[in-house]
Structures are given as C-alpha cells and as structure tokens.
Ligand code: SF4
C-alpha cells in the first residue's frame, strides 16, 4: 500500500472512496479498466492520507445533510482496513454530523462496525449493499477469491436484518456460461427473501468488458475455466456489454420471484432509495420543542 495526499474526500455527489485499488481479486473487476487511469498496480492500494480529518472538516462546513455513498469503485472493507480503520473512522464522523450512508461491500469485516452503522440508522439512514454473484461457495472462491464467500455475506445480511438496517443485494455481474443458471438466480433471490433484503440490483444478466479488465478476466478464465476464453472471444469479440444468452429467462425468474417476495428490483427506484436522506430525529426534536412551548 501507499499513501496519497488529497485535498478533497467527497465528490460533488457525496461519493467517497478512501482506497484506490483492491485486493479481493474478483476476476471480472471493472475497476481495473484502463479508463480509470490508475497510475499504480491495482493491488498496491492507494490510501487517502488524513481522510477522516478531511471528512470531518468537510461535513462540519456542509449546509445540507445528505447520504454519503461509498464502495462503488473500491471495497471499503479491503483486508487493509482491519489495521488502518479508515472506513470506521469516517463512519464515526458521518454519525457525529448526522449524515446518512450507503455502503457497498462483499466483506464480512463490515460486521466489526455494526454498532456505528446501527447508530447512524437510528438517527438518519444507513443502507448496506452486499454483492452476491453466485450461491455456490466453491464457485465464489474462483470468482472472488480473497473475500468471504457467499454464505458469509448472507450471514452479514441476517445480522443487519436483526438490527433493522436496510440491505440491498447487487446480483451482478452475471458471467455467461459461469453463473448464469436458473438455479443460481433462484437460490440467491430465496436467500435474499429469508434475510429480509429490501431490493435486488441487477444488470440485465450480463457483465462489461473493456481494456484492462478484459485481459485480467481472460487470464483468470484460462486458469479456472479452460476453453472458456475462446468461447467468449468467438461469441462476444470486443463487445463492451456481454449478456448471457439466458438473460430473458433469468430476468423473468428474477422479476417473478421478487414480486412474490415483495423485493424491489427496479434499478432507478433503488438508486433513488440509496440517495434519499432521512432524519429520523426531527420528529423527536419537534415534540420536545412543542413541550417547551406548551410549558
Ligand atoms: S471487490 Fe470490487 S473493487 Fe475489489 S476486486 Fe472485487 S469488484 Fe474489484
């Protein structure tokens, strides 16, 4: 790892990435793509120096409260987080200044911070998004080798459910001929229902490939799925969007099961939900105010 001095920690839309690069090793990782212009090895994680202090100053100055969104480019719970605790320190600031958080991860390390997530959710809003691509732990170890397998992530969902913290599952990406089976989609949606998941994000049952992530993905296919690279090359060429030939059927299954369980699967609605800030203490403050007035 290496540190980098930065001036700002939040994007104009309140996006926050404390780390750049990742060691979870997902074979399909889009963050490896050349277009992101990373000037260091992907596994040599860049850590934003003094991020919690910069965040503290930024949140103190902000006039409008809102949701902070983290985890879209790099997992905030990379193993390095165990010792550095950057995510934890930033969550403490978010809680202190009454902001909300939407946090996306694949790691059960998030449970270490369940108390602060709970505190945020009691005051404002905390949404945890967990990526699940396959129900099969053995396949998961090939696709996402350095992070806890699906069974561990389902446990995380259930722990969050006990606290009443809303969760969203990112059922993405779906890799043609690898995890694009009906059984996989059915098992994941059923597990989501048992864990009281609020919504499931999907990407039309496909994945994206472009310069940088394609090369890495193909190397890993050669390692774990002999002959698969050739099949992809023949069928998809240089296409950016790579959609499962089973996509229609899989979408039908997803939609029907989600409707039966009352799980939201509309992407726009879920994005709105993740960005919509709520302050649950305002009612309480008003009633105290009312009591003073009445007194
Ligand atoms: S967790 Fe996300 S950023 Fe990390 S390797 Fe996997 S897909 Fe890439």
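The values are calculated or read from the model by the stated rules, or taken from the named source; none is laboratory data. Please read all numbers here as calculations on a predicted model, not as lab measurements. Neighbour counts run over all protein chains shown; Cβ positions are idealised from the backbone, glycine included.
Data for the structure
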quantity	calculated
Matching residues, the range 94-109, being away from the ligand (no atom under 16 Å from the Cβ), over 17 Å from residue 63 (Cβ atoms) and touching a strand residue (DSSP E or B) at 6+ places or on another chain (Cβ under 7 Å)	101
Residues located in the range 143-160, provided they are closer than 20 Å to residue 180 by Cα and surrounded by fewer than 17 Cβ atoms within 10 Å (Cβ to Cβ)	145, 151
Residue match in the range 172-182 (condition: without any contact (Cβ under 8 Å) to a residue 24 or more places away in the chain and not in a loop (DSSP other than H, G, I, E, B))	no
Selection status of residue 10, outside any loop (DSSP other than H, G, I, E, B), more than 15 Å from the ligand (Cβ to nearest atom), free of Cβ contacts under 8 Å to residues at least 60 places away in the same chain and buried (at least 17 other Cβ atoms within 10 Å of the Cβ)	no
Qualifying residue in the range 29-51 (condition: assigned to a helix (DSSP H, G or I), buried (at least 19 other Cβ atoms within 10 Å of the Cβ) and either under 15 Å from the mean Cα position of the chain (by Cα) or more than 16 Å from the ligand (Cβ to nearest atom) (or both))	yes
Residue that is under 23 Å from residue 147 (Cα atoms) and assigned to a helix (DSSP H, G or I), where the choices are 95, 115	115
Subset of the range 134-167 that is within 16 Å of the ligand (Cβ to nearest atom) and touching a helix residue (DSSP H, G or I) at 6+ places or on another chain (Cβ under 6 Å) - its residue that is farthest from residue 191 (Cα to Cα)	142
Qualifying residues in the range 203-223 (those that are surrounded by fewer than 22 Cβ atoms within 10 Å (Cβ to Cβ) and in a loop (DSSP other than H, G, I, E, B)) - the one nearest to the chain's Cα centre (by Cα)	203
Filter result for the condition that a residue is within 16 Å of the ligand (Cβ to nearest atom) and either modelled with pLDDT under 95 or on the phi < 0 side of the Ramachandran plot (or both), over 89, 18	18
Scope the range 76-86; condition outside any helix (DSSP H, G or I) and within 15 Å of the ligand (Cβ to nearest atom); matching residues	76, 77, 78, 79, 80
Every residue from the range 59-75 that is more than 16 Å from the ligand (Cβ to nearest atom) and without any contact (Cβ under 8 Å) to a residue 60 or more places away in the chain	59, 60, 61, 62, 63, 64, 68
